[in-house]
Amino acid sequence: MVNRFGYFDDVQREYVVTRPDTPLPWLNYLGQDDLFGLCTNTAGGYTFWRDAKLRRLTRYRYNNVPLDTGGRYLYVHDAGSVWNPGWKPVKARLDHYECRVGLGYTRITGAKDGLEVEQLMFIPPNEDVELWKVTVRNTSGERKQPRLYSFVEFAFYDALNDMTNYQRTYSIGEVVVEGSAIHHVTEFRERRDHSTMFACTAPVSGFDTSRDAFVGVHEGLHEARVPFAGGATGSIAHGWNPIGAHEVTLDLAPAERCELAFVLAFVQHGAAKFTATGSFDTSQGRAILERWSAPGVVDTAFAALASSWDRLLGGVQVTCPDEHLGRMVNTWNQYQCMATFNLSRSASMFETGIGRGMGFRDSNQDLLGFVHMVPSRARRRLLDLAATQLSDGTCFHQYQPLTKQGNADVGGDFYDDHLWLVLATCAYVKETADLGVLDAPCGYADRTYTDDGERESLLHHLETSLAYTMANRGPHGLPLIGHADWNDCLNLNCFSTEPNESFQTAGDVVGSQAESVMIGGLFLAAANEMGALYDHLERPDDAARIRRWRAEILAAVETHGWDGEWWLRAYDAESRPVGSSRNEEGQIFVESQAWCALGGAGTDGRARQALDAVEAQLTTPNGIVLQQPAYTRYHLELGEITSYPPGVKENAGIFCHSNTWIHLAWCRAGDGDRALAGYLSICPSAKQDQIETYRCEPYVYAQAIAGPDSPTSGEAKNSWLTGTAAWTFVVATQGILGVQPDHAGLRIDPCIPPSWPGFTIHRRFRGVDYEIEVRNPDGVAHGIRSLTVDGSRIDGNLVAAPPNSTHVRVEAVLGR
Ligand code: GLC
Ligand code: GLC
C-alpha cells in the first residue's frame, strides 16, 4: 500500500520514502554492535560509540529549527547550482528523491539537472567505522565536472559538556590532517586514548576543518560558504568548532558513473598514543583508510550486513493471511527489537542520548523480543542488569551503557523493577535451556567483592526480587509501589508542589503505604515463572515455597484489588482506591486489568469481566487508552500522570506498550478476533491511510498515540525506543501464532481469528529449525485437535526437543 510519502518494499525489506518532507523526520539506525548512528530520511543524525552521552563522535542539535538539522551532509556543486541528494539542508528542488530505509542502512538518492547522487550509509557488522558509499552518475548528454563536499561536525565526546560548556569547548578543539584523513584529536593530548577520523577513499581536491570557514559565522548550513563558493579553503581548526569536510572534484562523461566512499572511524589507540617524536600517531587511521580503500571491500561489507540480517531475522519467519502481521514479524518488528535491545531508551528523535541510558525495567522487557536473535548477548545483558540491583532487592532504575554504573541521580525504589528481571531471566532460560546462567556470578551494586567467586548468582537475585515484594506490602497485603511501578507517572508518594523537582524522584517512599494492584498481578506472573523454573530444576520445596507466596499475593489481589467490575489500579498513600468507580476521574486503568489476567487472578470469571470492561470503556480504533476518564486537573496525590493534558502520554493517551498485554490476555482467553483487532489497532504498517495524522514512521512502533480526549487524537509520538516493540513481538509470535518456548521444548498453542484457514511459521529454537504448519479446517480460534511431529502423532501441544535432528516438521490442526 502506498501513501503520499512512501511504501513498503517487502521483497527488499525496505521502506521507500518517496518525498523528503515527511510529516516528521523518519529515522533509521545504523550499527548494531558498538558503533551506532541515527540517520533520518534527509541524512540528519549523528554517530556515537557505545554510549550516546559519553562517546558522541558527531554533533546533532535536537529540536532544532528546522526540526532535523545537522547530519551526514553531502553538498553537490554542479555548474553553479548547489543541492543535497537528501534535500536538506539546502532544500533545492530535486528532479528525483528517494530514501530506502533498510536493515542497518539508509540509501538516499537525489537527482538534479542530469546528475544523480546516491549516498548509502551503513556500519558493517563488528566494525567501528561508518561508511558512506557515494555513487555519482552523469545521466545528461554532456560532460559534467561537479564538486562534492562532505560535511560532519565533530562532537567532543561528552555530549552534555559539548552542548553546554562553551567557555571550555570553544578553546580546546584540535585536528590533524594527513591526505584525506581528518583526525579529530580534541582532548587526545590529555586523557583520551581514542580519536575520530573522517576520510575519503578518493583523492580530494581540498578540505576544511573549521566550521567558521566552511559554513560561516552568520550563515546557516543551507547557505554554507564553501559549497556555494565552490572552493575549499584548507582551514585548520584551532578551538571553536572542528568539522570534517572534503572537496572531491569529478569529471564525468555522459552516462559515466563513479564510486567513492567516506569513512568515519572511531579509532582506538590504546597505550601507544604518540609517535616516537611525541606527535599524534596517524598510523592506525591510515591503516583503516587503506583497508576501506581497497577495491570491493565496501561492497563486501555491505553484503555482510545483509547476510547478518538474513541470519538474525531467519529465526522467525511467518506466512499468514494478515499482511501487516506478516510484514512486522518477519522484518520490522524484529528489527525494532534489535534497536530497543541495543539502545533501551537512550537515543532517538525523542531521547537525546544524554538522559536515561539503559532502563532497568525497560531493558528486561526489551530482552523478551530479542533473546531469540542473539541469545549470548541477551545473557550478557541479564548479568549486567542484575549487577545494578541492590542487596535489598531494589534496583538502580537506570544505568550508563559505557560504564554499566547505576545512575545515582534517579536512584531506585521503583517497586516493579526487580520483578521484570524474573520474567526476562525465565524467558532467556526457556529460549536457550542454559540453566548455567542461574549460577553465573552477578553481585549487588551496593557490595564490594574482591573476586568473582564471592558474587551472588543470578538465581540469588531472582530470589531477592521475589522476597523483596513479599516483604514490602501495604495495609491490604498488596505490594508497595515506591516512586512508581511500570507507570512512571503514577507517583503516589510524591505530593509535589514544586515545579523545579522531578516527579519520579521527589517524595519519600520510606514508611509509605501506597500499594499497586498492577505489581500484584506482575508478581503473580513472575511467581508462575519461578515456580515452573523450580519444577524444571526438580526443586519441589522451592517450587512449593514460591507457590505459597503466590497464593498470599493472589488472595490480597482477589480480596482487595477488585472494584466490582474491574481491577483497581492502586491504593494511594492514604489507602484510598485509585482506578475505581468511586473516583471522579481515572476510574479504570488498563495495566491492572492486563496483569491480573496474565498473572492468573480472577479465574472465577472476573479476569474476563475486566477484559470486557477494557473493551467497553478503553478501546478505540487507534488502540486502548491508558485510563478513563482522563484527568482534567492536577491531583497532588497521584503525581505526574495528572500533569499531562488529557489524552496524551500516561494521561489517557494510547500508551501502546500497555496495549500489548491486553492483546496477550485476549490470546490467553482464546479470543483470536479481539487479539488480532487489538494488534492491528496500534500497528504502524496499518496506519498508511492515516499517516498524515499519525505522523511517525510507518515501519516502527511509537510509544504513544494521542487518545480521543486530545485535540490531536491519532497522532503518534516517541517512535522507536518503546517496550511496545518487544511485547508486540511476544503477542504476535507467542500469543497469536502461538509458538511458545518452554523449558521442555516448543509449545504450539495459537489463538487466531476463526476466519484464518491457517498459517506456516519457521522457528529456529536451540539450534533446530522447526517448520510449523497450522491448519484450521473447523474455523476455530484456539485449541489443538492434533499435532504431528515428523509424521508421528503426539499428545498435548508440547514438541520436545528432538534427540538428534536439526530440522523438525510440525503439523498442527486446530479444532474441537
Ligand atoms: C516509558 C518508560 C518506561 C515506563 C513507561 C510508562 O516508556 O521508559 O519505563 O514503564 O514509560 O510510564
Ligand atoms: C516521563 C514520561 C514517561 C517516562 C518517564 C521516564 O515521566 O512521561 O513516559 O517513563 O518520563 O523518566
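Structural remarks
- The set of residues from the range 488-518 being more than 16 Å from ligand 2 (Cβ to nearest atom) and either within 17 Å of Glu650 (Cα to Cα) or part of a helix (DSSP H, G or I) (or both) comprises just one member, Val517.
- Close Cβ contacts (under 9 Å, 6 or more residues apart or on different chains) running from residues in the range 454-481 that are on the phi > 0 side of the Ramachandran plot to residues that are surrounded by fewer than 18 Cβ atoms within 10 Å (Cβ to Cβ) comprise Gly477/Glu552; Gly477/Ala555; Gly477/Thr559.
- Failed criterion for Phe350 (all others in (1) of a type in the set (Phe, Trp, Tyr); (2) assigned to a strand (DSSP E or B); (3) within 16 Å of ligand 1 (Cβ to nearest atom) hold): (2)
- Test: residue in the range 229-246 that is under 19 Å from Asp281 (Cβ atoms), in contact (Cβ under 8 Å) with a residue 40 or more places away in the chain and not small (Gly, Ala, Ser): yes
- Filtered residue count, the range 564-577, keeping only those that are touching a strand residue (DSSP E or B) at 6+ places or on another chain (Cβ under 7 Å) and surrounded by fewer than 24 Cβ atoms within 10 Å (Cβ to Cβ): 2
Conditions tested, residue by residue: (1) among the β-branched types (Val, Ile, Thr); (2) at pLDDT 95 or above; (3) away from ligand 2 (no atom under 16 Å from the Cβ).
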| residue | (1), (2), (3) |
| --- | --- |
| Ser293 | no, yes, yes |
| Val298 | yes, yes, yes |
| Ser307 | no, yes, yes |
| Arg327 | no, yes, yes |
| Ala339 | no, yes, yes |
| Ser348 | no, yes, no |
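- From the list Ala665, Ala669, Ala704, the lone residue that is among the aliphatic types (A, V, I, L, M), away from ligand 2 (no atom under 16 Å from the Cβ), touching a Lys or Arg at 6+ places or on another chain (Cβ under 9 Å) and touching a residue at least 12 places away in the same chain (Cβ under 8 Å) is Ala669.
- Of residues in the range 531-557 being more than 35 Å from the chain's Cα centre (by Cα) and not aliphatic (A, V, I, L, M), the one nearest to Met518 (Cα to Cα): Glu552
- Taken over the range 578-598, the criterion of being out of contact with any Asp or Glu (no Cβ under 7 Å at 6 or more places or on another chain), farther than 18 Å from Asn651 by Cβ and surrounded by fewer than 24 Cβ atoms within 10 Å (Cβ to Cβ) is satisfied by Arg582, Leu598.
- In the range 748-806, residue surrounded by the fewest Cβ atoms within 10 Å (Cβ to Cβ) [restricted to those that are assigned to a loop (DSSP other than H, G, I, E, B) and of a type in the set (S, T, N, Q)]: Asn804
- With respect to the conditions (1) closer than 22 Å to Leu478 by Cα; (2) part of a loop (DSSP other than H, G, I, E, B); (3) within 16 Å of ligand 2 (Cβ to nearest atom), Thr603 falls short on a single one, namely (3).
- Condition check for Gly411: surrounded by fewer than 22 Cβ atoms within 10 Å (Cβ to Cβ) and either charged (D, E, K, R) or in contact (Cβ under 8 Å) with a residue 60 or more places away in the chain (or both): yes
- Whichever residue in the range 704-738 is surrounded by fewer than 24 Cβ atoms within 10 Å (Cβ to Cβ) and assigned to a strand (DSSP E or B) and, among such residues, is nearest to ligand 1 (Cβ to nearest atom): Asn718
- Scope the range 720-735; condition of a type outside the set (Phe, Trp, Tyr) and more than 25 Å from Cys667 (Cβ to Cβ); matching residues: Leu721
- Cβ-Cβ under 8 Å pairs, at least 6 apart or on other chains, the range 347-370 side under 18 Å from His657 (Cα atoms) and of a type in the set (Gly, Ala, Ser), far side within 13 Å of ligand 2 (Cβ to nearest atom) and assigned to a loop (DSSP other than H, G, I, E, B): Ser348/Leu721; Gly359/Ser344; Gly359/Arg345; Gly359/His397; Ser363/Ser344
- Selection within the range 664-700 - farther than 30 Å from Gly783 by Cβ and within 16 Å of ligand 1 (Cβ to nearest atom): Cys696, Val700
- In summary, strands (runs of 3 or more DSSP E) completely within the range 119-208 and bearing 3 or more residues that are over 30 Å from the mean Cα position of the chain (by Cα) and closer than 29 Å to Leu27 by Cα occur at 129-138, 147-157, 181-184.
The values are calculated or read from the model by the stated rules, or taken from the named source; none is laboratory data. As the structure is a computational prediction, the values presented were derived from the model and not from experiment. Cβ sites come from the backbone with ideal geometry, for glycine too, and all protein chains shown count toward neighbours.
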